[in-house]
Amino acid sequence: MHVGSGRWTAEAGWQFDATATDLDAAQLVLYFAAPGALTDGSRLRELRQRFPVAKLVGCTTGGEIFGAEVYDGTIAVAAIRFARAHVALHAEQIDACGGSFEAGRRLGAGLPHPGLRGVFVLSDGTRVNGSELVRGLKEGLPEGVVLTGGLAGDGAAFKLTLVGADRDPVAGTILALGFYGDSLDIRHGSFGGWDTFGPERRITRSDGNILYELDGEPALDLYKRYLGEEAARLPGSALLFPLRVKAHPDQATEVVRTVVGIDEPRHAMIFAGDVPTGSTAQLMHGDFEHLIEGAGMAARQAYGDGTASLAILVSCIGRKLLLGQRIAEEVEAVTGVLGPQCVPIGFYSYGEISPHDFSGSCELHNQTMTITVIHER
């Protein structure tokens, strides 16, 4: 397995590292692009010319991860040539959250299953119920297949996200990238580091990923009370106060949910994944050191034997907004664990897909650093 990386900026154009010079036969190119960077199609045509036989797979972002740094307004690229493994690609279109489960099931069923070791998913970030998407994927895939990925971003605007499945990226696309072969080792890690505050509340009315009431009170009104002056910047400001959701107060397994939209007329909030009625919920806030430590924890979960590999980092836009100028520190925490033989690339997302550390079952996560490490023996 040979991995090279490169980056496009408006000032300097494309710049690739020395290891990318002999990757003309790369089977796969991953790209993560700032909103607007792909508008005229020129960048993808340039990538196609440089990597003529590769599948070009990528999405828009809330920020690009390249090496140990975080950028805005760029395109981050990794080109991969496998020695014995191979990849397959299947994509679906979705118009509304209500079709997320079926889209996921079709995605899982649409990939060839013999020899399938792992699946990496990139999805539209605003039209999808991520929980239902993951549930459908798990139904369509064989047991034992590692499932990871993320939801595309649009900065903090939450208006338009694009995904490209070996064609020009468009809204409403969900893709599943399958990795095949016994030579592959695919590892994963996911961790948050957010702290809870305030009382646990009961979700008294919801519908899928739409939250109407907490303890009988309109959810949006409650959030606005906590946000104060920041309520004027909703939904973006709600990213700083995600929700921890547990199906039962005594249950150890929990997920974090982040806001992707609001419904003012119904006083409701729209989350990236399900917020089931009857669950308990508690507000969360971030501490810089805990978030950075959480990123390092995710890297320790995903760490292999330190040999050459590709690391795909999917972190939440909410972490980026909170950490601000310290955002590179969470990526440095990851690269410090994975070591210099690992090529890191990634993006800031509207949701992360990874097996749950406690249950082992794949879930949609929010506000986590999620890492997929791929190595070929």
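Among Asp154, Asp185, a tally of other beta-carbon atoms within 10 Å of each Cβ gives an order, fewest to most, of Asp185, Asp154.
Between Gln341 and Ser183, the FRET efficiency estimated from the beta carbon spacing at R0 = 22 angstrom works out to 0.80.
Volume of the convex hull of the range 195-285 (Cα atoms only), normalised per residue: 81 Å³. Per-residue ellipticity at 222 nm from helix content only, as computed over the chain with -39500 (n - 2.57) for each DSSP H run of at least four residues, stands at -6000 deg cm²/dmol.
Sites count as exposed loop sites when they are GluC sites (Glu not before Pro), lie in a DSSP loop, and have at most 10 other Cβ atoms within 10 angstrom; the longest stretch of the chain without one is 144-377.
Would you mind counting up the charge near Leu89? Only other residues with Cβ under 11 Å from its Cβ, with Lys and Arg at +1 and Asp and Glu at -1. Could the numbers behind the result be given before it?
On the way: positive: Lys55, Arg167; negative: Asp166.
The answer is +1.
Label-to-label distance for His86 and Ser361 is 3.5 nm, based on points extended 7 Å past Cα in the beta-carbon direction.
Between Gln49 and His113, what is the FRET efficiency for a Förster distance of 41 Å, r being their Cβ-Cβ separation, to the nearest 0.05? Working shown, then result.
On the way: r = 34 Å, r/R0 = 0.82.
Efficiency for this residue pair is about 0.75.
Stretched out straight at 0.36 nm per residue, the stretch from Glu264 to Ala247 would grow longer than its current Cα-Cα span by 3.5 nm. State which entries of Lys55/Lys246; Lys138/Lys224; Lys55/Lys320; Lys159/Lys246; Lys159/Lys320 exceed 27 angstrom in Cα-Cα distance in the structure shown. Beyond 27 Å: Lys55/Lys246; Lys138/Lys224; Lys55/Lys320; Lys159/Lys246. The C-alpha radius of gyration of the chain, expressed as a fraction of 2.2 N^0.38 Å, stands at 0.93. Using a simple spin-label model with pseudo-atoms 7 Å out from Cα toward Cβ, Arg300 and Ala10 lie 4.1 nm apart. Note on the chain: dipole from Cβ charges, positive end direction compared against Leu56, Pro35, Cys342; the farthest Cα belongs to Leu56.
At 0.36 nm per residue, minus the direct Cα-Cα distance, what do Ala232 and Glu143 gain on full extension? Give it in nm, one decimal, please.
Values: separation 89, 0.36 × 89 = 32.04 nm, distance 4.53 nm.
Residue separation times 0.36 nm, minus the Cα-Cα distance, leaves 27.5 nm.
Between the C-alpha center of the range 281-308 and that of the range 150-224 there is a gap of 17 Å. Estimated from the Cβ-Cβ distance and a Förster radius of 30 angstrom, the FRET efficiency linking Asp195 and Arg167 is about 0.10. Footprinting exposure proxy ranking of Thr372, Thr74, fewest other C-beta atoms within 10 angstrom first, gives Thr74, Thr372. Approximating the spin labels as points 7 Å out from Cα along Cα→Cβ, the Asp221-to-Thr39 distance works out to 4.1 nm.
What chymotrypsin sites (Phe, Trp or Tyr not before Pro) does the range 187-279 have in DSSP loop regions with at most 12 other beta carbons within 10 Å? Provide the component values of the computation, followed by the final result.
Details: sites: Phe191, Trp194, Phe197, Tyr212, Tyr223, Tyr226, Phe271; in loops: Trp194, Phe197.
Here the chymotrypsin sites (Phe, Trp or Tyr not before Pro) that fit, given the DSSP loop and packing criteria, are Phe197.
No value in this document is a laboratory result; all are computed from the given coordinates. Only a predicted model underlies this, so the values are computations on that prediction, with no experimental measurement involved. For neighbour counting, all protein chains shown are included, and Cβ atoms are generated from backbone atoms with ideal geometry for every residue, glycine included.
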